[in-house]
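The values are calculated or read from the model by the stated rules, or taken from the named source; none is laboratory data. Treat the numbers as computed from the prediction; the structure is a model and nothing was measured. Glycine gets a Cβ as well: all are built from the backbone with ideal geometry, and neighbour counts include every protein chain shown.
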Amino acid sequence: MDSLAQLKSKGIIRAHGVSCHSLAALEAAAAEPWVDSVHARINPFGMSMDDKPDKVVPVLKKLHAAGKASWHEDHRRRPAGQRCRKAR
C-alpha cells in the first residue's frame with residue numbers, strides 16, 4: 001500500500017484500489033480512506049456476486065457518496081447463449 005501511495009503522490013498513477021470478493025471486504029473498502037477505486041462483484045445474472053443486490057447496492061452508494069469509483073462485474077460469466085446488449 002505504501003508503494004502505491006508513493007506512486008500516486010508522484011503523479012505516476014491517479015488512483016489505487018481493491019477488488020472485493022465478499023460483502024465484508026466491500027464494506028471495509030468503503031470505509032477505508034486509502035481506497036480510491038473498488039471492483040465489486042454484482043451482475044444481472046446473480047452469478048459469483050459478493051452478496052445479494054439488496055445488500056451490495058447500499059454499499060456501492062456509500063462508495064459513490066464518498067467519491068470513490070466502483071467497477072462492477074461481470075460481463076464474461078454469462079449463462080450459455082446470452083450475449084451483451086449493444087450500448088446505444
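Of all residues in the stretch 65-79, how many are exposed (fewer than 12 other Cβ atoms within 10 Å of the Cβ) and at pLDDT 85 or above?
Going through the stretch 65-79 one residue at a time, the tally reaches 2.
Considering only residues that are under 14 Å from Val18 (Cβ atoms) and either surrounded by fewer than 16 Cβ atoms within 10 Å (Cβ to Cβ) or modelled with pLDDT under 90 (or both), which ones fall in the stretch 39-59?
His39, Ala40, Arg41, Asp50, listed by residue number.
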